[in-house]
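Some notes on the structure that comes next.
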Amino acid sequence: MAQVEKRGGLLRKSSASKKPLKEKVVLMYDEIFMTEDPSKCSPRFWEELFLMKVNLEYLEGKLESLDGEELMKIKDNINCLFQHCIQALGEEHPIRVVNALQNSFSSLQTLCALIRGVHQKNKSTSGFDIINMLMGFDKAELCMKNLMESLDSLLCAEGSESLKSLCLKLLLCLVTVTDNISQNTILEYVMINSIFEAILQILSHPPSRREHGYDAVVLLALLVNYRKYELRVRLEKLKKSSNAISDRIIIKSQCSDQIVVWSVNPYIVKLSIVDDEATLNGMGLVIAQALSEYNRQYKDKEEEHQSGFFSALTNMVGSMFIADAHEKISVQTNEAILLALYEAVHLNRNFITVLAQSHPEMGLVTTPVSPAPTTPATPLGTTPPSSDVISSVELPLDADVQTSNLLITFLKYSSIVMQDTKDEHRLHSGKLCLIILTCIAEDQYANAFLHDDNMNFRVNLHRMPMRHRKKAADKNLPCRPLVCAVLDLMVEFIVTHMMKEFPMDLYVRCIQVVHKLLCYQKKCRVRLHYTWRELWSALINLLKFLMSNETVLLAKHNIFTLALMIVNLFNMFITYGDTFLPTPSSYDELYYEIIRMHQSFDNLYSMVLRLSTNAGQWKEAASKVTHALVNIRAIINHFNPKIESYAAVNHISQLSEEQVLEVVRANYDTLTLKLQDGLDQYERYSEQHKEAAFFKELVRSISTNVRRNLAFHTLSQEVLLKEFSTIS
């Protein structure tokens, strides 16, 4: 029984039994969720709503609590709310500017809640149903046109950074509400009403880039992947300039004022032709900052780990815990920014120049700089806070500071994520890193600066902890052309991933990168001073691994494809080595290495001969390797008897390397080799068809991650008002 108290002769319930009062905005939301139009009884209902502080959780929760029939009953009110949100964005308030900011802020947050709430409730329905629920079919085109124009204006205008941040987050919300962005039909309107130029403006303007660059780059990468491989059909009004529009293909006229238009994704077309240096550099700086931050956090964790108790214990008991130690310093990858780098490299040839743009190495700046406010650390893989301060990437160069560039930062990042391919995210990141390197290795300009002997850098790649080798000291790193770091990365991958769960696809891509670099060196006669023996040794050890695990590997992979690629790399050195190996002695060392490891090549020949003479599954593939080994076997069969004869005549049981080389040099003239065609030819990288499935899954994963980490509650009206008072 409720307690009562007597005051002034009146009886009433105790305050303990009172229900908490609902805030006004919640009461207004409740009115929207009634079947009646809330503005009938209150003509100023919508104006007052956008002056209220938005309650995102309540609005989204209310939408999710309704079943399909209940949602359809209030469809008109939801349409009305959506339309008034867009109207509030476009209205001008000449009397009180703060009202305009308040209305825009509230309407943007409300739109985010509406889009997420309706999509969450209608996951199983088609995109058209969701468009109808949010806007209504008859008004959708006009609504989205007005919305995109308002967002474009807010992003391009000078003014509130909080509003710009919320605009980008609304767009990211719009793009990522479905896991498969190509099934998000609302994005058709984002294609028709492009905001590409607004994104470029953010990237080209340093203050905006520092605040919003990360969101802008991720948004662009996702938009580029909307229906990437499809031509989309739609009706458009006939325009005289239609034939000049590069992203459209006009098929036929249907009537006097309409035509059928097949259209490719305009963001793909526009990104591919960007040539503005400031914009491309801005995009590169954002990507470099994100990758540098990942590298820095990994290095910090590594140093913390090594200096801790576990490291001391590892030193005491030997190397038995090295694998566990490696797992402990694994950190989450950033596939979104990696996708942005890929799209820029793959689509825009002008972006290649950005890879070589020098900037001070993060963490090595010693010259004094202006102090800046600090921000809390952000978990890797999430969107950095909008209040990011200027990074050392954008600091002026100094003669005494070690410089870096985007490519070096990317190579360091790759050396981290490619260490552990057992994790699915790292496997995808490793694959994407190798695809990016494939695109770079095919580009003529990229190869020019990779091999430029006047552009030398010390690149400290991360190396996987292994029992049989010590970690190289940073101070001993040589200063070399960047192609040496790429080759080092490929060699490192080759020697560290020979395991039961064999990453066949990554190995194939790795060998392809090496082959394309050699093709450039042969074509341009670049004599690279590189320790080629490390590559040769790694390739031979890989062949030995394939043979040792033949039965297990053949159950999953066609290992002869990889074996053929490895053998043909040796054939490249044998046939064309005199055009790109640095010295004649390098050519001698190649022959020495083949002769020294002749048993491995003999075993490979025996294996492929056995399978090529059987009428089995691998007959044709093994036969190709048999034919490719002809020159390697000729070298072995020519020099081995002469070496044995030399040892017998001089009564030497075991020849030194110099003695073997002496025999090799003396018997070159009598060696007969066959000319093999096509060794310096390769199939250029093509994303469509071959890589479509991979990118579809990758973008799905990125979309899910971006949606999960979008935080609207961190942006409040209080921040907006404080910002406004500063501006005014």
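General remarks:
- Once the 1.4 Å probe is applied to the protein heavy atoms, the range 587-708 comes out at 57 Å² accessible per residue.
- You can think of it this way: the chain between HIS689 and VAL26 has 233.7 nm of extra reach, that is 0.36 nm per residue less the Cα-Cα gap.
- The range 160-235: chymotrypsin sites (Phe, Trp or Tyr not before Pro) falling in loop per DSSP and having at most 15 other Cβ within 10 Å: TYR229
- From phi via Karplus (6.51, -1.76, 1.60), per-residue ³J(HN,Hα) for the range 437-443 in Hz, x at Gly/Pro: 5, 4, 4, 5, 5, 8, 8
- The label point for VAL630 and the one for GLN332, both projected 7 Å from the Cα toward the Cβ, are 5.6 nm apart.
- For ASN405, residues with placed amide H under 5 Å, excluding near neighbours: HIS359
- Computed E for ASP37/LYS299 - FRET, C-beta separation, R0 60 angstrom, nearest 0.05: 0.50
- Multiplying the residue separation of CYS156 and SER65 by 0.36 nm and subtracting their alpha-carbon distance yields 29.0 nm.
- Under-5 Å amide H pairs with THR421, H placed in peptide plane, nonlocal only: none
- Distance in nm between pseudo-label sites at MET504 and LYS544 (7 Å out along the Cβ direction from Cα): 2.3 nm
- With the whole protein complex present, HIS462 retains an accessible surface near 30 Å², based on a 1.4 Å probe.
- P(r) for the range 132-229, from all Cα pairs and a bin width of 10 Å, is 15, 49, 30, 6, 0 %, short bins first.
- Pairs beyond 18 Å (Cα-Cα), from LYS431/LYS544; LYS624/LYS674; LYS40/LYS145; LYS228/LYS270; LYS228/LYS690: LYS431/LYS544; LYS40/LYS145
- Of the residues ARG349, ARG509, the one with the largest accessible area comes first in the ranking ARG349, ARG509, computed with a 1.4 Å probe on protein heavy atoms.
- HN-Hα J in Hz across the range 213-218 - Karplus 6.51, -1.76, 1.60, θ = phi - 60°, x for Gly and Pro: x, 4, 4, 5, 5, 5
- A 1.4 Å probe, protein heavy atoms only, puts the accessible area of PHE33 near 30 Å².
- Rolling a 1.4 Å probe over the protein heavy atoms leaves THR551 with an accessible area of roughly 120 Å².
- Rg/Rh for the range 527-624, where both radii come from Cα atoms and Rh is the Kirkwood radius: 1.03
The values are calculated or read from the model by the stated rules, or taken from the named source; none is laboratory data. This one's a predicted model, so the numbers in the text were calculated from it and none came from an experiment. Here Cβ is always computed from backbone atoms with ideal geometry, including for glycine, and neighbour counts include all displayed protein chains. The area values use the complete protein model at the heavy-atom level, side chains included, leaving out ligands, DNA and RNA. Shrake-Rupley method; radii C 1.70, N 1.55, O 1.52, S 1.80 Å.
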